[in-house]
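Scroll down for the structure; my scribbles are underneath it.
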Amino acid sequence: PSLFDSPVERYLKARQSVQRFTLVQLGKCCSDTESDFQRYVVHSYNFFLFPSTLGIRDAEFTLSASSIQFLSHYGFDYNKFLKDGIPYMNEVQEKTLRQHLLEDSWKVCSTNNADRDVLKKAIDEVTSWIAAAAEEETMILQDLSGYHMLDVQLVLRQALQNVWTKPLGDKKLMVKKVSPEHRQLLENSSYDHCQKKLILLAARGFTNLFQILVKAKKPLVGHNMFLDLMHLHDKFYRPLPESYEEFKRNIHNLFPVIIDTKTVTKSVQKKYLFPRVSSLSEVYAVLCSILNRKGPPCPVIALASGCSRYAEKKSPHEAGYDAFLCGSVLLMSAHLLLCRSTDDAVEADPSFSQYLTVLAEHVNKVNFIRGGVSSINFSGEDAPCRHPPALVVHVRGWPELSETEIYREFNGHCSFDVRRLSKNQFLLLSNKYKHVRLVLRDYRHHPHLHVSVYRHWRHSPSVNCLLQISGVVALWSLLAFALGGAPSC
């Protein structure tokens with residue numbers, strides 16, 4: 001991320017990343033409010049996800065070594081992700097799968113030799129057996145698990161019109177020889193484990209829950225959730241569009257009320273002047289400390305009976321636990337803001353609608369890390385960011401300097417982002433005024449680098465080009481007037 005990034009530039013950068021990487025875990029936390037007093041009973045869930053491999057799909061995705069190390073450090077269960085991950089797909093992938101099911105053109109896309117060996121062995125056993133088998137005779141295939149069970153059934157049914165299949169459990173599949181007429185009666189009946197609607201339901205997996213959340217139209221809460229929203233769009237809705245504005249419209253239609261706790265806590269930090277903290281767990285700890293010291297009662301947040309593990313043990317960076325922290329941070333931040341707006345004279349048990357009212361200015365404003373705007377507004381225009389003034393560096397006597405070399409020169413002094421302005425000029429941008437002042441002071445007499453505050457009318461290449469053209473035109477007009485003389489009467 002660069003301070004120079006516009007929202008469009010950042011979106012296009014992030015889009016490439018989101019398309020390459022998969023989701024491994026998703027956390028969801030929801031709560032019921034008990035009516036007798038304002039007590040939030042929290043249900044927190046942790047989902048391991050893995051791209052659907054049914055039919056023609058064989059997703060390829062990138063793994064980052066540093067991310068693997070990070071997750072391993074916090075106890076991420078890779079076996080559960082790879083073996084038991086819930087499938088998912090977006091609308092475009094579902095449409096393709098539906099079309100192949102309707103056309104009975106099922107293909108096994110796996111390039112894994114082990115998968116192909118399992119399928120080949122099953123088909124060879126059935127084709128050898130069925131030639132001599134009597135009608136209604138059965139055989140049992142062993143050691144078929146997960147998607148192998150479905151692939152074998154669909155391939156056999158597609159190739160042989162006189163077989164019927166039925167899973168028996170414990171990785172076993174019964175194959176029965178039937179007449180074509182009997183086969184037609186069995187197909188798509190309640191006895192059919194390969195009904196197209198059941199296959200689609202299984203292949204969509206977590207997407208079914210995503211669509212329930214969309215229909216519910218409840219407030220969607222996250223922390224620093226720009227990338228989260230992009231992944232939700234790409235993995236469960238539709239591939240990310242090239243247009244940034246279209247992405248914003250789509251997200252707003254899916255989730256009309258979005259609250260980013262990073263945006264909210266920035267406001268709370270300014271008003272309550274508590275230390276700047278970055279991680280979600282640190283924010284949670286600081287808010288708990290503040291509310292324990294203050295008089296107005298904190299909203300009571302209790303984990304439901306089946307979700308008590310997070311009350312007994314912290315699980316940072318586990319998606320379900322982070323979702324629990326996020327919801328808690330929202331309630332505590334809203335409570336503090338409500339206290340501030342009413343001079344601490346808040347009633348004992350404020351309602352959630354009161355919290356939403358005090359959070360209104362933050363609704364649909366998603367935090368934008370290091371860039372040209374402070375937040376992305378999913379229901380309107382993005383708010384511009386108030387950076388310190390940009391600096392322009394004019395290089396003299398150091399030929400062919402690159403952006404990287406300029407960055408190294410100033411990074412040893414203080415923090416700046418760099419962008420080339422012209423052949424021998426570079427822009428510097430910082431998010432700290434003190435860094436701007438230090439550089440202007442310390443480079444005042446540098447023999448090769450002249451640093452000054454950027455002025456658009458003075459330093460912009462496009463403005464300079466326009467001024468040069470205007471100067472040439474004005475000069476030619478003056479010469480034409482002087483050489484032509486005054487017209488005679």
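Considering 125, 135, which residue is modelled with pLDDT of 90 or more and in contact with a Lys or Arg (Cβ under 7 Å, 6 or more places away or on another chain)?
Values: 125 fails: in contact with a Lys or Arg (Cβ under 7 Å, 6 or more places away or on another chain).
Going through 125, 135 in turn, the sole match is 135.
Among the listed residues 419, 441, 370, identify the single one that is at pLDDT 90 or above and surrounded by 13 or more Cβ atoms within 10 Å (Cβ to Cβ). Let's see the steps before the verdict.
Numbers: 441 fails: surrounded by 13 or more Cβ atoms within 10 Å (Cβ to Cβ); 370 fails: at pLDDT 90 or above.
Criteria check complete, one pass: 419.
Could you go through segment 226-246 and let me know if any residue there is open to solvent by less than 50 Å² (accessible area, probe 1.4 Å), of a type in the set (Asp, Glu) and more than 25 Å from residue 360 (Cα to Cα).
From segment 226-246, those open to solvent by less than 50 Å² (accessible area, probe 1.4 Å) are 226, 229-237, 240-241, 243-244; that's our starting set.
This time we only want the ones that are of a type in the set (Asp, Glu), so: 234.
Next cut, more than 25 Å from residue 360 (Cα to Cα) only: 234.
Within segment 226-246, one or more residues are open to solvent by less than 50 Å² (accessible area, probe 1.4 Å), of a type in the set (Asp, Glu) and more than 25 Å from residue 360 (Cα to Cα).
With respect to the numbered conditions (1) in the same structural domain as residue 2 (by the TED database); (2) buried (at least 19 other Cβ atoms within 10 Å of the Cβ); (3) in contact with a helix residue (DSSP H, G or I) (Cβ under 7 Å, 6 or more places away or on another chain), which one is the sole condition not fulfilled by residue 426?
Of (1) in the same structural domain as residue 2 (by the TED database); (2) buried (at least 19 other Cβ atoms within 10 Å of the Cβ); (3) in contact with a helix residue (DSSP H, G or I) (Cβ under 7 Å, 6 or more places away or on another chain), only one is false for residue 426: (1).
Quick grid of which residues meet (1) assigned by the TED database to the domain that holds residue 27; (2) exposed (fewer than 12 other Cβ atoms within 10 Å of the Cβ); (3) not basic (Lys, Arg):
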position: 306; (1), (2), (3): yes, yes, yes
position: 316; (1), (2), (3): yes, no, yes
position: 321; (1), (2), (3): yes, no, yes
position: 326; (1), (2), (3): yes, no, yes
position: 329; (1), (2), (3): yes, no, yes
position: 338; (1), (2), (3): yes, no, yes
position: 402; (1), (2), (3): no, yes, yes
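Is it the case that segment 338-353 has a residue that's at positive phi, modelled with pLDDT of 90 or more and not aromatic (Phe, Trp, Tyr)? Steps first, answer last, please.
Of the residues in segment 338-353, the ones at positive phi are 343-344.
Add one more test, that the residue is modelled with pLDDT of 90 or more, and what stays is none.
No: segment 338-353 contains no residue that is at positive phi, modelled with pLDDT of 90 or more and not aromatic (Phe, Trp, Tyr).
Among the candidates 31, 44, 2, single out the residue that is at pLDDT below 90 and open to solvent by less than 40 Å² (accessible area, probe 1.4 Å).
Details: 31 fails: open to solvent by less than 40 Å² (accessible area, probe 1.4 Å); 44 fails: at pLDDT below 90.
On inspection, the qualifying residue turns out to be 2.
So, of the residues in segment 5-27 that are open to solvent by 30 Å² or more (accessible area, probe 1.4 Å) and over 24 Å from residue 64 (Cα atoms), which turns out to be farthest from the chain's Cα centre (by Cα)?
Among residues in segment 5-27 that are open to solvent by 30 Å² or more (accessible area, probe 1.4 Å) and over 24 Å from residue 64 (Cα atoms), the one farthest from the chain's Cα centre (by Cα) is 6.
For segment 256-285, which residues satisfy the criterion of being open to solvent by less than 10 Å² (accessible area, probe 1.4 Å) and either within 22 Å of residue 13 (Cβ to Cβ) or in contact with a strand residue (DSSP E or B) (Cβ under 7 Å, 6 or more places away or on another chain) (or both)? Reasoning before the result, please.
Step one: of segment 256-285, the residues open to solvent by less than 10 Å² (accessible area, probe 1.4 Å) are 258-261, 264-265, 268, 283.
Once the filter is applied, which keeps residues that are open to solvent by less than 10 Å² (accessible area, probe 1.4 Å) and either within 22 Å of residue 13 (Cβ to Cβ) or in contact with a strand residue (DSSP E or B) (Cβ under 7 Å, 6 or more places away or on another chain) (or both), segment 256-285 yields 258, 259, 260, 261.
Just to be sure, is residue 360 of a type in the set (Gly, Ala, Ser), open to solvent by 10 Å² or more (accessible area, probe 1.4 Å) and in contact with a strand residue (DSSP E or B) (Cβ under 8 Å, 6 or more places away or on another chain)?
Working: of a type in the set (Gly, Ala, Ser): yes; open to solvent by 10 Å² or more (accessible area, probe 1.4 Å): yes; in contact with a strand residue (DSSP E or B) (Cβ under 8 Å, 6 or more places away or on another chain): no.
When the stated conditions are applied, residue 360 does not pass them.
Scanning for something in contact (Cβ under 8 Å) with a residue 60 or more places away in the chain and under 41 Å from the mean Cα position of the chain (by Cα), does segment 135-148 turn up at least one residue?
Of segment 135-148, the ones in contact (Cβ under 8 Å) with a residue 60 or more places away in the chain are 147.
Imposing the further condition that a residue be under 41 Å from the mean Cα position of the chain (by Cα) reduces the set to 147.
Yes.
Please go through segment 200-215 and pick out each residue that is modelled with pLDDT under 95 and open to solvent by less than 50 Å² (accessible area, probe 1.4 Å).
Of all residues in segment 200-215, those modelled with pLDDT under 95 come to 200-205.
Those that are modelled with pLDDT under 95 and open to solvent by less than 50 Å² (accessible area, probe 1.4 Å): 200, 203, 204, 205.
The values are calculated or read from the model by the stated rules, or taken from the named source; none is laboratory data. Note that the coordinates shown come from a computational prediction; the quantities given were computed from them, not determined experimentally. All Cβ positions, glycine included, derive from the backbone under ideal geometry; neighbour counts span all protein chains shown. Heads up: the accessible areas ignore ligands, DNA and RNA and are worked out on the full protein's heavy atoms, side chains in. Shrake-Rupley method; radii C 1.70, N 1.55, O 1.52, S 1.80 Å.
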